[in-house]
Amino acid sequence: MARHPDATSTDLIEDRGYALGRLLSQVFHPILMNVLMFLIAGYYGLRDHATALAWIGVCILAMVLPPTLFYMIRLRQGVYGNEDVSIRQQRNELYLFGFVWVLLATVALIPLGVPIPLLAVMLIVLALGTIGGVVNLFWKISVHSASVAALATISLLYMRNLGIALWICALAVGWARVRTNNHTPSQVLAGFLAAATVVLVVFQLLGARG
C-alpha cells in the first residue's frame, strides 16, 4: 500500500530534524567544549598569550585528555550502549573516573602556579562533574547542555558578543538533545542552570575575570 504524500513529507522532515540534532550534538560535544573553555579563559584572561598557550596546553593534556581516552576505550570495549551513553547507570563510572582524575590534576597543578582564569575553569569542570555525578544516581542531567552553557557563560564574561552567540548555540544544542531523545526539556534546563550558576560563582569567588 502506497504511503500518503503528506505522511512521506512528515517522515522526511522528522528524519532531517533528527539528523540535525545528531550533528549539533557531535559539533558541540562536551569534550570539545571543555577544550574551548580553557582556550577562551586562557586567551582572554591572560595578557601574556605565549604563557597562556603553554598553560592551556598543560591543562588540556592533564585534565581533558585522560578522561577522553578512558571514555573512548570503554566505548570501544562495548561497555556503553552508544556514544551518548544514554543509559544513566552506564554513566556512573565516567563521572567517578572524571571526578577523581580532575581532582588529582587540580591538586597537582595548583602548586605549579596555574593562572587564576585557568584554575577557575578547572574548578568549574570539577564542580559540574560532581553535580552531574550526584544527580546521575537518581536522574539524568544533560552534559551536552551543561558544557556548552558553561562555555557560553565564560565567553560572556570576557566577550559579550561571543557569549551571546554561544548561548544561542546552547539553545540549539538543548533542542538537539531533546530531539534525539537523549534528554527531556527539564534535564536540558537543569544543565543550563547548573553550568551558569557554577561559572558565575567560581569566577566571582576567584576574581577570575580580572
Phi angles of the range 109-117, converted by Karplus (6.51 cos²θ - 1.76 cosθ + 1.60, θ = phi - 60°) into ³J(HN,Hα) in whole Hz with x for Gly and Pro, give 7, 4, x, 7, x, 4, x, 4, x
Among Ala108, Trp139, Gly21, whose Cα projects farthest towards the positive end of the dipole of the range 1-147, with charges put on the beta-carbon of Lys, Arg (+1) and Asp, Glu (-1)?
Ala108
The alpha-carbon center of the range 50-117 and that of the range 143-193 are separated, in whole Å, by 20
If you place +1 on the Cβ of every Lys and Arg and -1 on the Cβ of every Asp and Glu, how big does the dipole about the Cα centre of the chain come out, in debye to the nearest 20?
140
If you look at just the Cα atoms of the chain, how large are its Rg and its Dmax in Å?
18.4, 72
If I histogram all Cα-Cα distances within the range 61-147 using bins 5 Å wide from 0, what percent of pairs lands in each bin?
3, 14, 24, 24, 18, 10, 5, 2, 0
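Throughout, read-outs are computed from the coordinates displayed, never taken from laboratory work. Quick caveat: nothing in here was measured; it's all calculated off a predicted structure. Positions of Cβ are generated from backbone atoms using ideal geometry, with glycine treated the same way; all protein chains shown enter the neighbour counts.
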